[in-house]
Amino acid sequence: MHPMKNIRNFCVIAHIDHGKSTLSDRLLEMTSTISAREMQNQALDDMDLERERGITIKSHAIQIKYAHSDGETYTLNLIDTPGHVDFSYEVSRSIAACEGALLLVDASQGIQAQTISNLYLAIEHDLEIIPILNKVDMESAMIEDVSDQIVDLIGCDPEEILQASGKTGQGVQEILDAIVLRIPAPQGDPQAPLQALIFDSMFNPFRGVIAYFRIFNGTINTGDRVRFVNAGKEYEANEIGILKMKEEPCKSLGTGNVGYIITGIKESKEIKVGDTITHAERPCSKSIKGFEDVKPMVFAGIFPIDNEDYEDLRDSLEKLQLNDASLVFEPETSAALGFGFRCGFLGMLHLEIIQERLSREFDQEVITTIPNVSYYAHTTAGENFMIHTPNDLPDVSALNYVEEPYIEAQIITKPEYIGTIMNLCLDKRGVLTKQHYLTQDRVELTFDLPLAEIVFDFYDKLKSISRGYASFDYAPTEYRRSQLVKLDIKLNGESVDALSALVHKDKAYAFGRRICSRLKTLLPRQQFVIAIQAAVGAKIIARETISALRKDVTAKCYGGDISRKRKLLEKQKKGKKKMRQIGSVEVPQKAFLEVLKLE
Amino acid sequence: MAGIYIHIPFCKKACHYCNFHFSTSLKSIDAVVQSIKTEISKQSSYLKEPVTTIYFGGGTPSILNTSLLESILAKLESHFSLATEEITLECNPDDITFEKLAEWNRLGINRLSIGVQSFHEHHLTWMNRSHNAEQSINSIKWAQKAGFENLTIDLIFGFAGLSKTELKENLRVVQKYAIPHLSVYGMTIEPKTALGHQTKTGQYLPLPEAEANAQMLMIMEELDRQGYEQYEISNYAMPKKRALHNSNYWQGATYLGLGPGAHSFNGTSRHWNIANNQKYIKLIQQGQPVYEVEQLSTIDRYNEYVMIRLRTIEGINLDQIENLFPAYFNYFIQNIRPFIGKHVQKTESSYRLTQKGKFITDLITSAVFKVNRESD
């Protein structure tokens, strides 16, 4: 059993690409937690996708044994955190499991919004912050400027800021020492009833769900009967252990430590991040605060390109859900796209990740419909309920009003981009609530925005108008009453349910026009005129027409024509693969995918 | 029930829109006819059923002098079991004389298909036809006078230069002479034709689709009013005056095609002769095969079935789909479904094009086509 005073639990707060994974690798290498031979770059990200995108999607934890110059050996538990806005709840739970945090800032890029919001979370949880300037070996490093930013932000002394390079290994030793010296040891009562926080979980196809936890009080032993407080379920601790590069089973884990538990649970839904583990026999009096049942924020239909692949798609989604409990889905039928699923995601990145994982891990190419947020519909009959798809919106006559979710958005940028970013956010129905200069060259803008507005091309636009010098983060705030209308897109009079959207009434015209003109460029000419219309209720608010492609329906078809004509039509048909039939109109797959993209 | 098609690949002039196989050099007529007769003797066992229809197409078969025609018919007589109900000869108005009509009558030819195209002089000039408007009218009058009750003419619509009024006039002439059968084709612009070239270089501006469709609609409505039945997309007949030979194609009957470029079908494979007069003659002389063969898979046959039958008034027969192509039955039902109502009329046992559906025949056809997934 490790003495509590020799345990340090910490996480790393960093923006994507600021070198978190590389620096983590160095910590593991220098402490021989991992051999160079075992070392794949960025060892902590074990999914291909994560490695490629440089985003740690699911957090992990790893235990490092470090022999400090004081002669003692310390147990350093590095708790990795996901680095994206969509996963802020998971980040908060990882932070809650730590006493300290390494604040890692790219010396050539400075502080980004993501970093700040996570930093605030860490400060809120009273974590000891160790600021580190990373990539100081780069020519473009602005060591003084960025140090000033950090000093301004956390009020530390400039000397407290460490300088490091994950690439060269510079400063890694100092970081290890700072972890030991500056981060406080965990506190807690080893004799008290067990109280452990689940900060993450993962699915192992052979062993079921593995939950990662941090013990605040008490001790856990293999074979204990444990209770998951919020889930209200009891299991046997079939195996507990510590986290090295692989799980290492052990008999017992004490207060302050980090470990894993396997109970034979097969579905990740049953283990909720933020839940408290205690003993069934001698339970703790209350659960660890901060637990939330994470609700998906963004919804979209996912449909197989070929209807025959529907069952395969279901299997794939079920498998994804095993290690990603935040993904929810239920069957959905679309007149345009056939059988598919309405899926709920934590945010837009989460949606993209799921789409990519379907493609990479399961070879499933899918069509994703226009994403939307969830709304509260209030009917004239006094009912209110949540809707996840525009097609569930009650009829205008039965609808009293709709509420939509709002967020607080933080954008950090250079002062020269304030104007264009303000325009973008105002156009997205945003209100500026705070403007704060972090340094002379860095400004933090806070907006009150409807979540729905960032679901469409917000990131891309923000990136392009700020030439990449803007970072973005958000947190949901509340639901508010809103003037929303359902916009339908019609092709030759047939509504395309997959393209319906709920939009603010002031934006319906612009949105309708945009979709119509996009579709005009995306739909191939066919053998008849195609009318593309945007409608709100019975009212047509935008229209485009695609002229007909000349086709010779009346050409001869006698003995000598049959073969040629058949082959011609077969060729046309093959050219039409990946098309969807909406009434008589063929719609290519890519139209569904690209209709919302930037022109 | 089987048919024989004989391709006579010669024309006096090249029509600007035509991409059929023909030659305007008439020197080798005798040699080609000789080769066709050789081919007849070689292919005598191709058809397993009695021959009920014979069709001389082209090109311009009316260019042949009577003795050549007669020799071909005699050759057929001696090599096939003939039970002919219909012998059709395609002819151009300028070839039709009372003398010829009498000879064709004598040979047993009982149906004439006259390439009229239009009754307007400037259309015929523009098309580079070999006849004028007066000859068009006369050919019909004379044929009827000579006793050819079974008569069909070709008309073309949907080209720039054909006004609605002119189209109406063409249809009035049809009514005036009570022509029992019509083939009406939309002008198609084929590559490697004079018209194709003119279109490419901007000298010819095709009629906008909307106007071509309006013309087609006008034709369908007017001919319906006159009592014609549109029994196939491009073919209209007065009661009991349907073309037997062509109807057989659409019923899936077997047929043998003779002459350069002719196609044959025996139920499971199609073959087509080389579309080059000199090579055809040479191969025949050398005793070598003149054709290429294509075996039809079940998918091919299914596709052909739906393609051809959708164009006919009887439409696609559900029982036939079920019996002939059970593997594609559900596929068919599923893929025709979006068109039912507006474009396809469903009865208990059949699926037939509605008037609106006729405008998008090819689209519907390709929607119900089955293509191999691996070749997608």
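The values are calculated or read from the model by the stated rules, or taken from the named source; none is laboratory data. As the structure is a prediction and not an experimental result, all values here were calculated from the model. Every residue, glycine as well, gets a Cβ built from its backbone with ideal geometry; the counts of neighbours run over all protein chains shown. For accessibility, only protein heavy atoms count, side chains too; no ligands or nucleic acids. Shrake-Rupley method; radii C 1.70, N 1.55, O 1.52, S 1.80 Å.
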Among the residues of region B:101-125, how many are among the hydroxyl-bearing types (S, T, Y) and surrounded by fewer than 21 Cβ atoms within 10 Å (Cβ to Cβ)? 1
Does B:L182 qualify as being more than 22 Å from A:F528 (Cα to Cα), aliphatic (A, V, I, L, M) and surrounded by 16 or more Cβ atoms within 10 Å (Cβ to Cβ)? yes
Return a yes/no flag: does region B:11-25 have any residue that is more than 23 Å from B:M187 (Cβ to Cβ), open to solvent by 10 Å² or more (accessible area, probe 1.4 Å) and not in a strand (DSSP E or B). yes
If you take the residues of region B:26-52 that are surrounded by fewer than 16 Cβ atoms within 10 Å (Cβ to Cβ) and small (G, A, S), which of them is farthest from B:Y255 (Cα to Cα)? B:S41
How many residues does region A:439-489 contain that are modelled with pLDDT of 85 or more, open to solvent by 50 Å² or more (accessible area, probe 1.4 Å) and of a type in the set (S, T, N, Q)? 2
Between B:I313, B:I321, B:I284, B:I308, which is at the interface with another protein chain (Cβ under 9 Å from one of its Cβ atoms) and of a type in the set (V, I, T)? B:I308
Return the only residue of B:P93, B:P50 being farther than 30 Å from B:L195 by Cα, away from chain A (no Cβ under 14 Å) and not β-branched (V, I, T). B:P50
Taking region A:558-599, which residues are open to solvent by 20 Å² or more (accessible area, probe 1.4 Å), at pLDDT 80 or above and more than 7 Å from chain B (Cβ to nearest Cβ)? A:D561, A:R564, A:K567, A:L568
Subset of region B:53-93, residues small (G, A, S), within 24 Å of B:W142 (Cα to Cα) and surrounded by fewer than 19 Cβ atoms within 10 Å (Cβ to Cβ), comes to B:S67
Top-ranked residue of region A:173-216 - restricted to ones that are under 26 Å from the mean Cα position of the chain (by Cα) and among the small types (G, A, S), ranked as modelled with the highest pLDDT: A:A196
Conditions (1) touching a residue at least 24 places away in the same chain (Cβ under 8 Å); (2) in contact with a Phe, Trp or Tyr (Cβ under 8 Å, 6 or more places away or on another chain); (3) hydrophobic (A, V, I, L, M, F, W, C) -> B:F119 fails only (2)
Which residues, taken from region B:252-296, are open to solvent by 20 Å² or more (accessible area, probe 1.4 Å), in contact (Cβ under 8 Å) with a residue 60 or more places away in the chain and closer than 18 Å to B:P50 by Cα? B:T254, B:N266
Is it the case that B:Y236 is among the aromatic types (F, W, Y), in contact (Cβ under 8 Å) with a residue 60 or more places away in the chain and crowded, with 19+ Cβ neighbours inside 10 Å? no
Those residues of region B:348-375 which are in contact with a Leu (Cβ under 9 Å, 6 or more places away or on another chain), under 19 Å from B:Y231 (Cα atoms), more than 8 Å from chain A (Cβ to nearest Cβ) and among the β-branched types (V, I, T) amount to B:I364
Can you find even one residue in region A:230-238 that is open to solvent by 10 Å² or more (accessible area, probe 1.4 Å) and under 26 Å from the mean Cα position of the chain (by Cα)? yes
Selection within region A:283-314 - open to solvent by 60 Å² or more (accessible area, probe 1.4 Å), more than 24 Å from A:L451 (Cα to Cα) and touching a Gly at 6+ places or on another chain (Cβ under 8 Å): A:N307
Note down all Cβ pairs under 9 Å where the first residue falls in region A:352-367 and is touching a residue at least 60 places away in the same chain (Cβ under 8 Å) and within 17 Å of A:Q321 (Cβ to Cβ), the second is of a type in the set (S, T, N, Q) and not in a strand (DSSP E or B), and they're at least six residues apart or on different chains. A:R357/A:S316; A:Q364/A:S316; A:V366/A:Q355; A:V366/A:S359
Members of region A:96-109 found to be in contact (Cβ under 8 Å) with a residue 60 or more places away in the chain and farther than 11 Å from A:G290 by Cα, listed by number: A:A97, A:C98, A:E99, A:G100, A:A101, A:L102, A:L103, A:L104, A:V105, A:D106, A:Q109
Taking A:G259 as the residue in question, decide whether it is on the phi > 0 side of the Ramachandran plot and touching a Gly at 6+ places or on another chain (Cβ under 8 Å). no
Given (1) of a type in the set (K, R); (2) under 28 Å from A:F458 (Cα atoms); (3) at pLDDT 90 or above, number of the condition A:R314 does not satisfy: (2)
Return the total of residues in region A:189-218 being assigned to a loop (DSSP other than H, G, I, E, B) and surrounded by 19 or more Cβ atoms within 10 Å (Cβ to Cβ). 2
